[in-house]
Each structure stands twice: as structure tokens, then as C-alpha cells.
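S.K.: I'd like to ask some things about the structure below.
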Amino acid sequence: MTYVVATINLKGGVGKTTTTAALAEMMSGEFGQRVLLVDLDPQTNLTMMMIGERRWGELDARNLTLASLFERAASAAGSDFHFDISTIIERAVSPLRKVSTVDLVPSSLRLIGLQEKIGASGDATGVLLRALKPVLDQYDYILIDCPPNLETITLNGLRCSDAYIIPTIPDVMSTYGIGPVQQRIAQFGERWGKPIVELGVVVTKYRKASTVHRNTVEDLNRRRDIAMVFPSFIPEANQIAAAAEYTDFGTLRNKYGAEGQFTALRDLAQDFMATTKVRLGWA
Ligand SMILES: Nc1ncnc2c1ncn2[C@@H]1O[C@H](COP(=O)(O)OP(=O)(O)O)[C@@H](O)[C@H]1O
Ligand SMILES: [Mg+2]
């Protein structure tokens, strides 16, 4: 059984990509899970973080990114086509010593121009789902990092997803979007005839000295319309910001920070795995 989980929030800069990358590396390095990361954001932040700019440039020049899948879909204009997604999967991308089971489907800036072209073709939201099916059972988790919109490419990610998490900074502006995201995703689930389960909200960039942050977390915990607030908050930390750079940090502790950051992210990954199992069940 593979759990496919989207990371989504209509606000940018709230830690979606950082949360996705850290979950993948923790689940692989600390818990031996096989994880596939799918970068759906044309800003390519997750791709840069996982393989660096040079390697990405090589792949993009050879059209070995997600853009090649959607280009095929656009030119097939609704008729059937076969696309072997394993040709664009980068294997064992993390340079960290213990993290050997994280693969990546890289993104491309070219996705921006493709958005409308795919939208006009046949089953426009099912392209990624059909492409991923043959490789699903090679993974325990597939994490889909979504851009902050609900356009066709994002819908492709949601269509594949059994569940989703909403990373948010615990402040007023960042949490406004939670309700609308939940509602829209519920509507898509109905349209596609399968529920997309909300696992909960991940608190990111948490500053415990901030009254606003503390109060907002309390508010979030009281809200009945949120499945749960993951109890392990991701602290705001220079080391987590620096982890966005592609270099060999050696260990997870070195990369994310040993002053509580590593433990917070490890706990989050553990809660995430427990929650997917409880909420989605083992098939
Ligand atoms: N916990 C954190 N502490 C400090 N900086 C962070 C943290 N999480 C994310 N960042 C930084 O904030 C910026 C936005 O994070 P990112 O994960 O790219 O958000 P999103 O994917 O939602 O746009 C990036 O520069 C990232 O390195
Ligand atoms: Mg992002």
C-alpha cells in the first residue's frame, strides 16, 4: 500500500516545500521508508533543494522533467498515450549518508506555459495519475509538493492524492486560506468520486517567543473544522532555512540543526506516518 499525500496551501512562503523535503528525508533516513517526491511547482524549489541547480539544468536541457509528461499530454490532445515516468525519476537523490531511499520527479519552469495547453485536452487532471500508476508499489509514500494555486497541474497532484497536509505559519494572514483550501479539495474529491483526506495542519516557522504564534496555535487547536494540528511544530531556525541549499550536510542533524530542529522534524515524520496509517488504513 502506497500513501500519496499532497502538501498544499494557497499561500506561498509558508514552508510547504521545506516540510515536504524534511518529511521525505526523515522518513527515509530514520524510518527506512521508500519515498518518491514529485515537484509540481514550476518554481522548482524542491528540485533545487534535492538535486541542486547544476544537475537540474542538465536534466531540463534534456527535457527529463515533469514538463515532458505534460508536453506529451498536450500534444496528444485527449487521445491515449503511453509515458514511462521512470525515465524522469531521479533515484536516491539525497546526499545524506543515511538517506538512501528518496527519489524525485523534477520540475521545470516550462510547466507555466503548459498549464493552458493541458487544460484544453481530454482528461486534463488525470495525466499524472495515469503516469504514476505503474511505479506506485515501488514506494511507501509519494509526497507531492504543490504550487500555491488550484490550476490544472495542481489538480493533477490532488487527483493522485489519498490525503493532504496544510503547512502554515501560525499567523493571521497565513491561516486565512485554510478553510477555502479544505472546501475546494472536498469539492474535487466529490467530482472525482474519491475522498481526499485532510490529515491536518503542520505549524511551520514557529517562534515560541511570539504571542501571535502562540495564540494562533491555540486558535487552530480549538477549530473544529481542522482534522488536527500536528503536535510537533517546525521551529523557525536559520539552519532549516540553510537546509534549502544543495550541499552534502552529511547527516540529518547537521542539515536541519541539532538544537531541537532535528527532533521536531523527526517527531513530525513519525506522527505523519502514524496519522496516514490511522486515517487511510493499510489495504
Ligand atoms: N522552519 C523554518 N525556519 C526558517 N526558514 C524557513 C523555515 N521553513 C522554511 N523556511 C524558509 O522560508 C522560505 C519559504 O519556505 P518554502 O518551504 O519554500 O515555502 P513554500 O513552499 O510554502 O513557498 C524559504 O526560503 C525557506 O528556506
Ligand atoms: Mg514551495
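S.K.: Within the range 1-19, how many residues turn out to be in a loop (DSSP other than H, G, I, E, B), open to solvent by less than 20 Å² (accessible area, probe 1.4 Å) and near ligand 1 (Cβ under 6 Å from one of its atoms)? Full working, then the answer.
M.R.: Of the range 1-19, the ones in a loop (DSSP other than H, G, I, E, B) are 1-2, 8-15.
Okay, now just the ones that are also open to solvent by less than 20 Å² (accessible area, probe 1.4 Å), so 8-9, 14-15.
When the remaining residues are screened for being near ligand 1 (Cβ under 6 Å from one of its atoms), the result is 14-15.
Looking only at that region, the number is 2.
S.K.: Exactly one condition in (1) farther than 23 Å from Pro134 by Cα; (2) within 16 Å of ligand 1 (Cβ to nearest atom); (3) of a type outside the set (Phe, Trp, Tyr); (4) part of a loop (DSSP other than H, G, I, E, B) is false for Met50; which is it?
M.R.: Of everything listed in (1) farther than 23 Å from Pro134 by Cα; (2) within 16 Å of ligand 1 (Cβ to nearest atom); (3) of a type outside the set (Phe, Trp, Tyr); (4) part of a loop (DSSP other than H, G, I, E, B), Met50 misses just condition (4).
S.K.: Checking the conditions here, which among Leu64, Leu111 is farther than 30 Å from Tyr206 by Cβ, touching a Pro at 6+ places or on another chain (Cβ under 8 Å) and within 14 Å of ligand 2 (Cβ to nearest atom)?
M.R.: Testing whether each residue is farther than 30 Å from Tyr206 by Cβ, touching a Pro at 6+ places or on another chain (Cβ under 8 Å) and within 14 Å of ligand 2 (Cβ to nearest atom) leaves just Leu111.
S.K.: Here are Lys133, Lys117: which of them is modelled with pLDDT of 95 or more, open to solvent by 50 Å² or more (accessible area, probe 1.4 Å) and either of a type in the set (Lys, Arg) or within 16 Å of Arg159 (Cα to Cα) (or both)?
M.R.: Details: Lys117 fails: modelled with pLDDT of 95 or more.
Answer to the check: Lys133.
S.K.: Can you tell me which of (1) buried (at least 18 other Cβ atoms within 10 Å of the Cβ); (2) of a type outside the set (A, V, I, L, M, F, W, C); (3) closer than 30 Å to Tyr256 by Cα is the one Asp171 doesn't meet?
M.R.: With respect to (1) buried (at least 18 other Cβ atoms within 10 Å of the Cβ); (2) of a type outside the set (A, V, I, L, M, F, W, C); (3) closer than 30 Å to Tyr256 by Cα, Asp171 is out only on (1).
S.K.: Can you tell me which condition Lys194 does not meet? The list is (1) modelled with pLDDT under 95; (2) under 19 Å from Val5 (Cα atoms); (3) touching a Ser or Thr at 6+ places or on another chain (Cβ under 9 Å), and all the others hold.
M.R.: Unmet for Lys194, out of (1) modelled with pLDDT under 95; (2) under 19 Å from Val5 (Cα atoms); (3) touching a Ser or Thr at 6+ places or on another chain (Cβ under 9 Å): (3).
S.K.: Output the residue which, of all residues in the range 136-161 that are within 16 Å of ligand 2 (Cβ to nearest atom) and surrounded by fewer than 20 Cβ atoms within 10 Å (Cβ to Cβ), is nearest to Val102 (Cα to Cα).
M.R.: Pro148
S.K.: Now a separate question. When you scan the range 262-283, how many residues do you find that are surrounded by 14 or more Cβ atoms within 10 Å (Cβ to Cβ), among the aromatic types (Phe, Trp, Tyr) and in contact (Cβ under 8 Å) with a residue 24 or more places away in the chain?
M.R.: Our first condition is that a residue be surrounded by 14 or more Cβ atoms within 10 Å (Cβ to Cβ); within the range 262-283, this holds for 262-273, 275-276, 279-280.
Then keep just the ones that are among the aromatic types (Phe, Trp, Tyr); that gives 262, 272.
Remaining after also requiring in contact (Cβ under 8 Å) with a residue 24 or more places away in the chain: 272.
Here the count works out to 1.
S.K.: Given the options Thr87, Thr65, Thr101, name the one that is more than 17 Å from the chain's Cα centre (by Cα), on the phi < 0 side of the Ramachandran plot and of a type in the set (Val, Ile, Thr). Even if it seems obvious, please write down each step before you answer.
M.R.: Details: Thr65 fails: more than 17 Å from the chain's Cα centre (by Cα); Thr101 fails: more than 17 Å from the chain's Cα centre (by Cα).
Result: Thr87 is the single residue among Thr87, Thr65, Thr101 that is more than 17 Å from the chain's Cα centre (by Cα), on the phi < 0 side of the Ramachandran plot and of a type in the set (Val, Ile, Thr).
S.K.: Still on this model: Considering only the range 211-225, how many residues are polar (S, T, N, Q) and open to solvent by less than 20 Å² (accessible area, probe 1.4 Å)? Reasoning before the result, please.
M.R.: Just the residues of the range 211-225 that are polar (S, T, N, Q), to begin with: 211, 215-216, 221.
When the remaining residues are screened for being open to solvent by less than 20 Å² (accessible area, probe 1.4 Å), the result is 216.
Residues meeting the conditions: 1.
S.K.: Any idea which residue in the range 20-40 is farthest from Asp271 (Cα to Cα), counting only those that are part of a loop (DSSP other than H, G, I, E, B) and touching a helix residue (DSSP H, G or I) at 6+ places or on another chain (Cβ under 7 Å)? Please lay out each step first, then the result.
M.R.: Applying the first criterion (part of a loop (DSSP other than H, G, I, E, B)) to the range 20-40 yields 30-34, 40.
Add one more test, that the residue is touching a helix residue (DSSP H, G or I) at 6+ places or on another chain (Cβ under 7 Å), and what stays is 30-31, 33-34, 40.
Numbers: Glu30: 13, Phe31: 12, Gln33: 14, Arg34: 17, Leu40: 24 Å.
So the residue we want is Leu40.
S.K.: Give the range 54-85 a look and list any residue that's surrounded by fewer than 12 Cβ atoms within 10 Å (Cβ to Cβ), modelled with pLDDT of 95 or more and not small (Gly, Ala, Ser), or say none.
M.R.: Those that are surrounded by fewer than 12 Cβ atoms within 10 Å (Cβ to Cβ), modelled with pLDDT of 95 or more and not small (Gly, Ala, Ser): Arg54, Glu58, Arg62, Asp84.
The values are calculated or read from the model by the stated rules, or taken from the named source; none is laboratory data. These numbers come from a predicted model, not from an experiment. A quick note on method: Cβ atoms are made from the backbone with ideal geometry, for glycine too, and the neighbour counts reach across all protein chains shown. Side chains are part of the model used for accessible areas, which takes the heavy atoms of the whole protein and leaves out ligands, DNA and RNA. Shrake-Rupley method; radii C 1.70, N 1.55, O 1.52, S 1.80 Å.
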